[in-house]
Structure formats: structure tokens, C-alpha cells
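Heads up: the structure comes next, in C-alpha cells.
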Amino acid sequence: MFTRKKLSALSSSSLVRPSGSVQARLRGIGTHLWAGVKKPYVAPLLALGVLAGAGALFLGLAANPEAGSPQIRVNLARFTPTETHANETGEMPLAPLSGDAAFGLDSVGMFEGSSASGFALQAEAGPVDGTAVITLPDDGSPITVPARGKLAARPLTPAPIAGLFEPGPDGNLPIIGADGRTPSQAYARPFKSNGKPRVALIVGGLGLNPATTRAAIEQLPAEVTLSFVPYADGLQNWINMARAQGHEVLIEMPMEPVDYPATDPGPKTLMIKQSADETQSRLKWVLGQASGYFGVINYQGSAFLRDKTAAPAFTNALKLRGLTFIDDGQGRGLTGAWGRASADRVVDAQLNAASIQNQLSGLEATAKARGHALGTGFAYPVTLAVAIKWTQGLEEKGLQLAPASAIARP
């Protein structure tokens with residue numbers, strides 16, 4: 001609507017001035033409108049309408065807190081769902097995406113449209129269908145995400161290894177061999193130190209989304225440790241594929257958080273108040289879903305890992321099976337298991353590239369000061385893109401990329 005000032009300006013312009021009858025009619029319309037606004041229920045309704053419009057505008061802007069930040073886009077180039085992939089057991093098709101997404105990997109909507117088709121992370125100029133937007137640092141400095149295909153395979157021994165498993169109610173369970181060899185030793189990626197500080201990264205939440213799972217397996221260096229969700233369809237196929245590419249593997253154990261059940265890690269969650277038999281049953285279920293992992297990593301567990309009875313019982317059970325336990329930093333100080341390590345940082349607690357880069361830089365500083373450092377993160381597209389770039393620059397920084405097993409200690 002025009003203000004009174006704007007109407008005055010228009011009337012003095014070169015436009016044709018309304019005739020007297022028209023002016024009188026306009027004055028009449030204005031009088032009626034003013035009278036309507038003066039009614040007791042009209043003004044509040046108008047005010048509510050203005051407030052609703054302002055609220056909608058605010059929510060539209062707030063929906064993207066990174067709006068206005070410099071960005072790049074990463075092309076998610078798709079592959080055919082029916083494609084097969086060679087592994088130790090032969091040509092096997094990947095299972096389509098289904099099952100329980102209890103690990104919440106799509107909580108920020110990054111996987112919309114990915115379905116079971118997969119992608120490769122590549123630099124892309126301009127928007128394309130199925131892209132992941134990566135926020136750059138506030139200073140506008142660019143991040144170059146290199147185009148990258150599948151890395152050369154550096155395969156590990158196929159799983160399961162004879163003498164290191166026994167039948168269980170839900171599948172084969174890891175055991176210590178008669179010669180004393182443990183699954184922790186047998187399934188870990190061999191590592192030889194070059195004398196430089198060691199930095200390790202675990203990328204988790206794998207198996208639920210075929211796109212990000214394949215990208216992590218094929219485009220991250222073999223020294224990056226991968227952890228898999230026990231609920232994933234075709235879990236053994238994914239682990240076989242990861243080990244064929246050269247990655248050592250962890251399996252994720254859901255544990256009770258402090259705000260349970262508001263946050264529910266999923267089926268078979270280890271709970272503080274459950275019986276010892278139930279804890280063993282749930283642990284065996286998770287361990288029986290696949291073979292080839294050298295250890296277990298927690299999912300959630302802020303309550304479970306603090307419990308002075310439940311947590312030690314869990315790690316002692318892993319020790320009897322020759323397995324390493326690695327936590328995301330919530331179990332620091334907890335002993336037991338065949339090998340132990342706690343992450344120094346969760347690198348993608350904030351889902352933007354600048355924050356992830358800062359966390360990875362923090363890992364570098366810790367490694368240089370202490371001799372080693374360990375980080376964990378989830379297989380979000382932004383995490384993968386930044387991690388791919390990060391791993392390529394470690395050698396020139398005087399650091400050695402190491403598998404997580406090389407950081408763990410008895």
C-alpha cells in the first residue's frame with residue numbers, strides 16, 4: 001500500500017490528476033476503510049497477520065543458519081544399484097538401503113534422495129542434483145575438494161579367520177585362538193611407524209546409507225578405520241568390502257545415554273539396570289552380526305560408560321573374547337578389554353567444514369605434542385569431503401596417518 005507521502009508525490013507528478021468525482025470517491029473509500037479498522041476485532045486481526053508474516057520470514061531465514069556463508073558443492077555422482085563389487089567371497093551385490101536408521105545419520109537431511117544408489121565425492125562448479133553443500137570458513141578462504149575415484153586396494157586377510165570364532169545364537173562370535181592369537185591382533189590393519197607423530201581417524205555410522213558407506217570405503221585411505229552399525233542390511237558384505245579395500249573395522253555397540261529414552265540408540269542397547277544375562281545376550285547379538293572387526297566402539301553411552309558396575313563388566317567381556325574397545329571420549333579412564341583407546345575429539349560435532357577442519361587441526365597439534373592422537377566422526381558427506389582433503393596433507397605436515405588399532409593400548 002502507498003503511504004500518504006507517496007500518494008502526494010504521485011499526485012504532483014506527470015500522471016493525470018483524478019477528477020473531482022473520483023477524488024470524492026477515493027475519500028469515501030478511505031473513510032470506510034478507517035472505520036473498519038477502528039472496529040475492536042479488526043485491528044488485532046491485522047496485527048496478528050503482520051506478526052505471522054514476520055514469523056514466517058524469520059523461520060525461513062533461520063532454517064539455514066549458514067545462509068550467507070561462502071559455500072562449495074560436492075557432486076554426488078550416482079552408480080547403478082544393481083552393480084556388483086568384488087570382495088574376498090566373490091562378486092556380491094550390495095544390499096539396498098533398508099532397516100532401522102536408529103543411529104540418526106539423516107537427522108540433518110543430508111541423505112535425501114540418496115536411496116540405494118551411492119556417490120563419489122568430486123569437486124563441482126555450480127549446483128547439480130544430489131549435491132552436499134559444504135560451508136567454508138568465515139574468512140571466505142576456499143576449500144578445494146579434489147576429484148577422486150576409488151583408491152587402489154590394499155586388502156586385508158578375508159574374514160572369518162579359522163580358529164578365531166565359535167558359533168553363537170545369532171552368528172559366529174569372536175574368540176581367542178588356541179595359540180593365544182586374538183581377533184584384535186588378527187583383524188587389525190598392520191602398521192609400521194616411520195617415527196613421526198601418529199594421527200588416527202575413525203569414520204562411523206556406516207552400513208545404513210549405501211552412498212556414504214561406499215564413498216568412505218573407496219575414497220578414504222586404508223589407514224582410516226571404519227565402524228559399522230550392527231543393524232545394517234548386508235553388514236557382512238560391507239565389512240568384506242571394507243577389508244578388501246584395506247580398512248580395519250569396528251562394530252558399534254548402542255549404549256544407554258543420560259537422557260534415555262528421549263534419545264534411544266536403538267535395539268539391543270546396553271542398559272545400566274538390565275540383568276547380567278541380558279547384557280551378555282545383547283552383546284552376543286551385536287557381535288554375532290558379522291565377522292572381521294578387531295574391536296567395538298560405543299554409540300551413545302553417556303550413562304552406561306559412567307556406571308561403575310555395568311561398564312567394567314562390558315569391557316571384561318570383550319577382553320575374554322580378545323577384542324579392543326574404543327570410545328568417542330566418553331569412556332576415558334575406563335579399563336578392561338584386550339586393547340583400549342579413547343578419542344581425543346569428535347571432529348564433526350558441528351556440521352560445517354570450518355569446524356571440522358578446526359577439530360582435525362586440533363588432532364594434529366595433540367599428535368605433535370603427545371606423539372599420537374585419535375579422532376572420531378560420522379560418515380556425513382561434509383565429514384567425508386573434508387577428511388579426504390585432510391588425509392592428503394598429513395605427510396607434508398610431518399605426521400603419519402595410522403589405523404586406530406595402532407593407538408590402542410592393552
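Only one of (1) more than 24 Å from residue 396 (Cβ to Cβ); (2) of a type outside the set (Ser, Thr, Tyr); (3) touching a Lys or Arg at 6+ places or on another chain (Cβ under 6 Å); (4) assigned to a helix (DSSP H, G or I) fails for residue 218. Which number is that? Result: residue 218 fails condition (1) only.
Out of all the residues in the stretch 313-330, is one or more on the phi < 0 side of the Ramachandran plot and within 17 Å of the chain's Cα centre (by Cα)?
Yes, there is a match, as at least one residue in the stretch 313-330 is on the phi < 0 side of the Ramachandran plot and within 17 Å of the chain's Cα centre (by Cα).
Among the residues making up the stretch 273-320, those that are among the hydrophobic types (A, V, I, L, M, F, W, C), surrounded by fewer than 18 Cβ atoms within 10 Å (Cβ to Cβ) and modelled with pLDDT of 95 or more are 285, 313, 320. Every test in (1) under 16 Å from residue 225 (Cβ atoms); (2) modelled with pLDDT under 95; (3) not β-branched (Val, Ile, Thr) is passed by residue 124 save one, and that test is (1). Here is the figure for the stretch 262-280: residues that are more than 21 Å from the chain's Cα centre (by Cα) and free of Cβ contacts under 8 Å to residues at least 24 places away in the same chain total 5.
Among the residues of the stretch 192-207, those that are buried (at least 17 other Cβ atoms within 10 Å of the Cβ) and assigned to a loop (DSSP other than H, G, I, E, B) comprise 196, 197, 207.
If you check 230, 210, which single one turns out to be crowded, with 24+ Cβ neighbours inside 10 Å, in contact (Cβ under 8 Å) with a residue 12 or more places away in the chain, over 22 Å from residue 160 (Cα atoms) and not hydrophobic (A, V, I, L, M, F, W, C)?
One residue alone meets the criteria, 210.
When the residues of the stretch 340-376 are filtered to those that are of a type in the set (Gly, Ala, Ser) and free of Cβ contacts under 8 Å to residues at least 24 places away in the same chain, which remaining residue is surrounded by the most Cβ atoms within 10 Å (Cβ to Cβ)?
Restricting attention to the stretch 340-376, the residues satisfying the condition of being of a type in the set (Gly, Ala, Ser) are 341-343, 349, 353-355, 361-362, 365, 367, 369, 371, 373, 375.
Cutting the leftovers down to free of Cβ contacts under 8 Å to residues at least 24 places away in the same chain gives us 349, 355, 361-362, 365, 369.
Working: 349: 12, 355: 17, 361: 13, 362: 15, 365: 11, 369: 9.
For the stretch 340-376, the residue satisfying everything is 355.
Okay, residues lined up against (1) basic (Lys, Arg); (2) closer than 20 Å to residue 319 by Cα; (3) touching a Pro at 6+ places or on another chain (Cβ under 6 Å); (4) at pLDDT 95 or above:
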{"site": "120", "(1), (2), (3), (4)": "no, no, no, no"}
{"site": "128", "(1), (2), (3), (4)": "no, no, no, no"}
{"site": "137", "(1), (2), (3), (4)": "no, no, no, no"}
{"site": "143", "(1), (2), (3), (4)": "no, no, no, no"}
{"site": "147", "(1), (2), (3), (4)": "no, no, no, no"}
{"site": "154", "(1), (2), (3), (4)": "yes, no, no, yes"}
{"site": "161", "(1), (2), (3), (4)": "no, yes, no, yes"}
{"site": "188", "(1), (2), (3), (4)": "no, yes, no, yes"}
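I'm trying to understand the selection: among the residues of the stretch 261-285, which are assigned to a helix (DSSP H, G or I) and touching an Asp or Glu at 6+ places or on another chain (Cβ under 8 Å)?
Quick first cut of the stretch 261-285, residues assigned to a helix (DSSP H, G or I) only: 276-285.
Correct list: 284, 285.
The values are calculated or read from the model by the stated rules, or taken from the named source; none is laboratory data. Not measured: the values here are computed from a predicted model. Neighbour counts run over all protein chains shown; Cβ positions are idealised from the backbone, glycine included.
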